[in-house]
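Heads up, the thing below is written out as structure tokens.
What follows is calculated from the coordinates using simple rules that are stated; it is not laboratory data. Please read all numbers here as calculations on a predicted model, not as lab measurements. Positions of Cβ are backbone-derived with ideal geometry, glycine not excepted, and every protein chain shown enters the neighbour counts.
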């Protein structure tokens, strides 16, 4: 999707992706090795009654979905960061997670006419339509010599 196609209020979607327990555990062993993410036996007796996915896995999945649905083959080249990352509910093995991305603002930089800026809110939901993740992201787009809208 090209920068010129973004509109304030637009909601973009990625269809559900199902997370398996081995995927969740593998990610956690590499990047977030806490027992409630990595140990099915111990986590059964824990607060969550079983393994839950790392919030960082949920964020990583959201990023992959955003690239697949929107950013691939765009002028996007960087992000100065995300704000207000919230893990609202834990993700569990077998959850089918879908992403909605609401465009909050679109503008060309006032100091650099070759820089497009999109601020958007990403919300991830499970198969019960329960929100599990929300974050606000900013994406930068290299407009180069592209015509300005």
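Couple of notes before you dig in:
- Looking only at residues in the range 74-87 that are without any contact (Cβ under 8 Å) to a residue 60 or more places away in the chain and farther than 17 Å from residue 60 by Cβ, the one that is surrounded by the fewest Cβ atoms within 10 Å (Cβ to Cβ) is 84.
Here's the yes/no breakdown for (1) out of contact with any strand residue (DSSP E or B) (no Cβ under 9 Å at 6 or more places or on another chain); (2) touching a residue at least 40 places away in the same chain (Cβ under 8 Å); (3) farther than 22 Å from residue 7 by Cβ; (4) surrounded by fewer than 16 Cβ atoms within 10 Å (Cβ to Cβ):
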site	(1), (2), (3), (4)
101	no, yes, no, no
104	no, yes, no, yes
109	no, no, no, yes
112	yes, no, no, yes
118	no, yes, no, no
122	no, yes, no, no
126	no, no, yes, no
131	no, yes, yes, yes
136	no, yes, no, no
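- Test for residue 35: is it within 14 Å of residue 136 (Cα to Cα) and in contact with a helix residue (DSSP H, G or I) (Cβ under 6 Å, 6 or more places away or on another chain): no
- Answer residue from the range 138-149, given it is in a strand (DSSP E or B) and in contact with a helix residue (DSSP H, G or I) (Cβ under 8 Å, 6 or more places away or on another chain) and is surrounded by the most Cβ atoms within 10 Å (Cβ to Cβ) among those: 141
- Among all residues of the range 9-22, there is at least one that is part of a loop (DSSP other than H, G, I, E, B), more than 21 Å from residue 104 (Cβ to Cβ) and in contact with a strand residue (DSSP E or B) (Cβ under 8 Å, 6 or more places away or on another chain).
- Residues within the range 74-110 that are in a loop (DSSP other than H, G, I, E, B) and in contact with a helix residue (DSSP H, G or I) (Cβ under 9 Å, 6 or more places away or on another chain), tallied: 7
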